[in-house]
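A short write-up of the structure that comes next.
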Amino acid sequence: MTHILLTGSNGLLGQKIVNKLVERPDVQLTATSRGANRHPILNGYTYHSLDLLDQEAVAHALESFAPDVVIHTAAMTQVDACEDEKETCDAINVGVVEQLAELSAQREFHLVHISTDFIFDGAAGPYSEEAETNPLNYYGHSKLKAENAILESGASAAILRTILLYGITPAMSRSNIVLWVKKSLEAQKPIRVVHDQERSPTLVEDLADASIEAAVRKAKGIYHISGPEAMRVVDIAYRVAEFWKLDKSLISEIDSASLGQKAKRPPITGFIIDKARRELDYKPKKLEEGLAVLDSQLKALSI
Ligand SMILES: NC(=O)c1ccc[n+]([C@@H]2O[C@H](COP(=O)([O-])OP(=O)(O)OC[C@H]3O[C@@H](n4cnc5c(N)ncnc54)[C@H](OP(=O)(O)O)[C@@H]3O)[C@@H](O)[C@H]2O)c1
């Protein structure tokens with residue numbers, strides 16, 4: 001039996017990990033997140049509210065629950081907000097990870113940490129795990145600092161980098177590209193989407209599977225976890241429109257500069273995912289396969 005403590009269980013990835021772990025007889029799950037539990041499933045695991053910025057509470061939780069593995073999904077994930085609120089971004093994305101890495105080395109639990117393609121500058125995607133990092137924005141800097149803190153701590157750890165997650169859960173704290181495009185086009189609302197950025201959109205269930213594999217196998221090192229196809233962001237929007245038979249003419253192509261976002265985005269990312277396929281039995285879904293998963297979930301939720 002592996003005892004897993006999960007952080008950020010109210011988040012998009014966190015909720016999917018809960019869904020999967022409650023089905024596993026070989027895993028005991030302690031789920032944690034800030035505030036009350038927003039997950040619709042309430043049985044098969046225990047939930048504890050844990051503000052990760054409270055260092056004493058974190059140390060106490062790790063001591064009293066004594067997990068074999070911590071899957072750390074919680075983060076400040078709003079890229080533009082990180083630019084405006086650097087101290088909060090540092091505290092959540094770096095300080096918390098430094099503490100978890102230190103506790104992991106002391107208490108000998110395995111750490112699975114989630115990172116991002118934004119640690120790269122996007123000049124030369126798709127990237128391998130060994131490629132040189134060079135973040136363009138504060139969020140990327142914070143996530144890279146966290147990776148380095150883990151690597152330098154001597155903790156037993158896996159770092160799973162991912163790209164542009166999409167999926168749906170009840171009570172989501174923020175949207176994602178697929179839901180935004182679908183909802184906007186359904187409401188006949190014109191949208192502007194960038195044509196000069198390339199990504200490999202990742203179905204959140206695929207990342208949840210990889211996180212669980214990395215946890216139960218106690219995999220070590222860096223893994224690239226993304227969807228199997230790289231495409232322009234505007235092509236994601238077109239493919240979403242085609243899948244749900246929505247009006248593509250509402251989509252206009254623009255360049256990143258005209259979008260005027262606070263944080264600079266890397267132009268072309270995308271990952272080489274061979275290592276994850278080999279070592280984590282990673283089998284990611286293509287975009288239309290992922291949209292089909294989402295479609296059946298939306299129907300079940302009657303949204
Ligand atoms: N989403 C993407 O496209 C993407 C791309 C690359 C990498 N990633 C990485 O993937 C991971 C999961 O992302 P996600 O999209 O699932 O994120 P998310 O939906 O924004 O969830 C993050 C969770 O962290 C929780 N959290 C934030 N601060 C906390 C604190 N002080 N104490 C306890 N919990 C706290 C949030 O709680 P509240 O709900 O209460 O705010 C939220 O539930 C993150 O590490 C992110 O950096 C995401």
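The values are calculated or read from the model by the stated rules, or taken from the named source; none is laboratory data. Only a predicted model underlies this, so the values are computations on that prediction, with no experimental measurement involved. Every residue, glycine among them, receives a Cβ derived from its backbone with ideal geometry; neighbour counts consider all protein chains shown. The area values use the complete protein model at the heavy-atom level, side chains included, leaving out ligands, DNA and RNA. Shrake-Rupley method; radii C 1.70, N 1.55, O 1.52, S 1.80 Å.
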Practice item. Take the alpha carbon gyration tensor of segment 1-77, find the square roots of its eigenvalues, order them as a ≥ b ≥ c, and report rounded if a/c is under 1.5; if not, report prolate when a/b exceeds b/c, else oblate. Key: oblate
Review point. How much length is gained if the chain between LEU298 and THR88 is pulled fully straight, taking 0.36 nm per residue apart and subtracting their Cα-Cα distance, in nm to one decimal?
Key: 72.2 nm
Exercise for review: Relative to the longest principal axis of the C-alpha atoms of the chain, give the angle of the C-alpha long axis of helix 55-65, reported between 0 and 90° and rounded to the nearest 10°.
Suggested key: 70
Point to revise | Segments 23-33, 50-60 sorted - mean Cβ within 10 Å per residue, highest first | key: 23-33, 50-60
Check your understanding: Once you sort the root eigenvalues of the Cα gyration tensor of segment 52-130 as a ≥ b ≥ c, which label holds: rounded (a/c under 1.5), prolate (a/b larger than b/c) or oblate (the other case)?
Key -> oblate
**Study point:** Helix 233-243 vs. the chain, principal-axis angle (Cα, 0 to 90°, nearest 10)
**Key:** 80
Point to revise | Distance from segment 129-172 to segment 42-86 (C-alpha centre basis), Å | key: 15
Check your understanding: Along the principal axes of its C-alpha atoms, what lengths does segment 184-279 span, in descending order and rounded to whole Å?
Key -> 46, 30, 20
**Study point:** For the chain, the spread of Cα positions along each principal axis, largest first, Å
**Key:** 56, 41, 38
Exercise for review: Please give the FRET efficiency for LYS245 paired with ILE41, using the beta carbon to beta carbon distance and R0 = 41 Å, rounded to the nearest 0.05.
Suggested key: 0.80
Review point. Based on the alpha-carbon gyration tensor of segment 101-200 and its eigenvalue square roots a ≥ b ≥ c, which shape applies: rounded if a/c is under 1.5, prolate if not and a/b is larger than b/c, or oblate?
Key: oblate
Exercise for review: Under 12 Å Cα to Cα from LYS145, which aspartates and glutamates show up? Leave out anything in the same chain fewer than 8 places away.
Suggested key: ASP90, GLU98
Review point. Helix 96-107 versus the longest principal axis of the chain: what is the Cα-based angle in degrees, 0 to 90, to the nearest 10?
Key: 30
Point to revise | Residue-normalised accessible area of the chain, expressed per residue, 1.4 Å probe, Å² | key: 44
Practice item. Once you have the Cα-Cα distance between SER173 and MET231, take 0.36 nm times their residue separation minus that, and quote the gain in nm to one decimal. Key: 18.3 nm
Exercise for review: For the chain, set up a Gaussian network in which alpha carbons nearer than 10 Å are linked by springs, and say which option among LEU185, LEU246, LEU259 fluctuates the most.
Suggested key: LEU259
Exercise for review: Mind scanning LYS218/LYS275; LYS182/LYS285; LYS189/LYS285 and naming the pairs with a C-alpha gap bigger than 27 Å?
Suggested key: LYS189/LYS285
Study note, to complete from the structure: Carbon/sulfur accessible area of the chain, % of total, 1.4 Å probe, equals 49
